[in-house]
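Worksheet: the structure to be examined is printed underneath.
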Amino acid sequence: MIVSWVVDQHSLTFSAWRKLKRNKAAVVGLVCIAATVFIAVFAYWLAPDPSPNANRMILEISGQGPGFKMTYLQVPKPDAKQVNFLQRTWSGKPDLFTWIPIMGHRASADSIVIEKYVDDGVTENIAYAIRDLQLQANETASSRIVSRTHWLGTDKFGRDILSRLIVGTRVSLSVGTIAVIISLTLGILLGAFAGFYRGRTDDLIMWFINVAWSIPTLLLVFAITLVLGKGFWQVFVAVGLTLWVSVARMIRGQVFSIRELEYIEATRALGFSDARTIFRHILPNVLGPVLVMGASNFASAIVIEAGLSFLGVGVQPPQPSWGLMIKENYNFIITNHPMLAIVPGLAIMVLVLSFNLLGNGLRDALDVRA
């Protein structure tokens, strides 16, 4: 019997995967999600600005549009530290240099004179001694002159938008992951208990669900955020605690119908405990709807976090968040550089759409009637 059950589960999984692969929209969503996960993991290796939080401020070039190019003189910082591979992957690499935008330069035997960029049409001549550049034996002063293209422009603090967009993927994926874990854990437990035990247990849990359901999501998030405080982890917990209600209602309905089936009656006749019946025989059979709900909640968590960050109660500066980037740059929408605010919005739209497409694909693939 056990072998037969394993074979059946394997065949169902294979059948669902085959259906999912035929759904082109779901595959596109899955590919986008996989690419986003890769970008989030290796963000500090992919970002043009690998400094922590992509927070390299160059105020002279603030508010520049996409494709902006500038030449810089790199002046070594006295307290800069090297980091290893894992440290850079996790938290970035501290800037080893101060980046000074220049329009021109000339070098002599003991100094380099730069024409520092101050603003459009405004420059300032500054001289640096060669010894201050801490050149290696095979380096010249000109080797510290580099050119960079800011493909998506710079924000009002002169930070590279592309770098902050890349690093900001970590916040969106992290809030989605943690919120889904919290919401599924609470929703599955409460929904399973309500559907299995019924009676007063069901009445009590449903009363709690209805109370939570009646409170607007953003208002509940605000209240939780005010209690927990503003910050990176607090917003994750706050979002997760608002998304469990729909999971609990769905699980309750599924358990209500499954608990009356013959194989559940057989577990009672065999003397199995309620915990074993719920966790080993009921919940595995509602895995399909749980996966679909998880994908939906992931998308919802990303949108809620972006909204909270835009309103100033989510992720706090200088940590990059797509919602925070829109808040910092939305004034540019009515100027010559609207893409500074539009690009983070497009990133949110694409990622949310990808999870919704994947969720719809999972729903169709796990439907045994299809």
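Annotations
- In the stretch 230-271, residue nearest to the chain's Cα centre (by Cα) [restricted to those that are closer than 17 Å to Ala179 by Cα and part of a loop (DSSP other than H, G, I, E, B)]: Gly231
- No other residue among Pro101, Pro94 is outside any strand (DSSP E or B) and under 23 Å from Glu60 (Cα atoms) apart from Pro94.
- Residue check for Asn297: over 29 Å from Leu186 (Cα atoms) and in contact (Cβ under 8 Å) with a residue 60 or more places away in the chain: no
- From the options Gly29, Gly92, residue that is farther than 29 Å from Val146 by Cβ and either out of contact with any helix residue (DSSP H, G or I) (no Cβ under 7 Å at 6 or more places or on another chain) or modelled with pLDDT of 90 or more (or both): Gly29
- Residue check, Ile188 out of contact with any His (no Cβ under 9 Å at 6 or more places or on another chain), over 27 Å from Leu46 (Cα atoms), touching a residue at least 24 places away in the same chain (Cβ under 8 Å) and crowded, with 19+ Cβ neighbours inside 10 Å: yes
- Residue in the stretch 132-139 that is assigned to a helix (DSSP H, G or I) and more than 14 Å from Ser51 (Cβ to Cβ) present: yes
- Per-region count, the stretch 211-225, residues touching a helix residue (DSSP H, G or I) at 6+ places or on another chain (Cβ under 9 Å) and either crowded, with 17+ Cβ neighbours inside 10 Å or assigned to a helix (DSSP H, G or I) (or both): 10
- Scope the stretch 343-363; condition more than 13 Å from Ala306 (Cα to Cα) and surrounded by fewer than 16 Cβ atoms within 10 Å (Cβ to Cβ); matching residues: Val350, Leu353
- Subset of the stretch 46-63 [closer than 15 Å to Leu165 by Cβ and either surrounded by fewer than 18 Cβ atoms within 10 Å (Cβ to Cβ) or without any contact (Cβ under 8 Å) to a residue 12 or more places away in the chain (or both)]: Leu46, Pro48
- Residue match in the stretch 312-320 (condition: surrounded by fewer than 24 Cβ atoms within 10 Å (Cβ to Cβ) and part of a helix (DSSP H, G or I)): no
- So Phe68, is it at pLDDT 90 or above, farther than 25 Å from Glu328 by Cα, in contact with a helix residue (DSSP H, G or I) (Cβ under 9 Å, 6 or more places away or on another chain) and surrounded by 12 or more Cβ atoms within 10 Å (Cβ to Cβ): no
Condition check ((1) more than 22 Å from Ile166 (Cα to Cα); (2) under 32 Å from the mean Cα position of the chain (by Cα)) across all residues:
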residue: Val75; (1), (2): yes, no
residue: Asp79; (1), (2): yes, yes
residue: Lys93; (1), (2): no, yes
residue: Ile112; (1), (2): yes, no
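The values are calculated or read from the model by the stated rules, or taken from the named source; none is laboratory data. All of these numbers come straight from a predicted model, not from anything done at the bench. We place every Cβ from the backbone using ideal geometry, glycine too, and count neighbours over all the protein chains shown.
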